[in-house]
Amino acid sequence: MNIFIKLILALVVSISLGCAGSTQSNAPTLYDRLGKNQGISDIVDSMLYDIASNEKLIEFFIETDLDRFRTKLIEMLCEVSDGPCEYTGDSMKQVHESMAIDKSHFDALVTSLVAAMDENNVEVGAQNDLLARLVPYYPEVIPSN
Ligand code: HEM
């Protein structure tokens, strides 16, 4: 299935489930389901390994400070999953707008993220919930024509 359609479906399912479960207060957060800080750090590390050998992605990261990228991405995934973090990096538009990222690059990064979550045994429901929370960044990362 086209990865963007998959992302939209994940968003719809996640909103429906969110409404259905909105009366529960002690449900684990998405941050918990991703394995908290250790789980998210492991996911990001798996992604970094994948990016390093991924022909579609590596060209973007040749001059990147990978320590900073790792730290900021962990912060962001922690914040968007309702963890106890505050993202302190630059705006998504600012960071990505000059990179000429297209849909195929976005798909490749999402594929890498899904593989990283599989590798770290994140359950599929939590995977879809995280993907759904990243959908709103799509227009900020892909320059509009
Ligand atoms: C939902 C999609 C994405 C999210 C949430 C995301 C998130 C981030 C974050 C948090 C940073 C660090 C910002 C900072 O240093 O202040 C970053 C940097 C970066 N992102 Fe993304 N990103 C996304 C998509 C992509 C895509 C599709 C590519 C290219 C294939 C990409 C390439 C990069 C690169 C190369 C940097 C480092 C920039 C530098 O060297 O300063 N990102 N991204």
request  = May I ask for the Rg/Rh ratio of the range 77-125, computed from Cα atoms with Rh as the Kirkwood radius, given to two decimals?
outcome  = 1.04
ask   = By its C-alpha gyration tensor, with a ≥ b ≥ c as the square roots of the eigenvalues, how is the range 98-138 shaped: rounded for a/c under 1.5, else prolate for a/b larger than b/c, else oblate?
value = oblate
task = Any chance you could list the semi-axes, whole Å, largest first, of the equivalent ellipsoid that the Cα gyration tensor gives for the range 57-140, using √(5λ)?
result = 20, 16, 13
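Just so you know, all these numbers are worked out from the coordinates, no wet-lab data involved. The shown structure was predicted, so the numbers you read here are calculated from the model rather than taken from an experiment.
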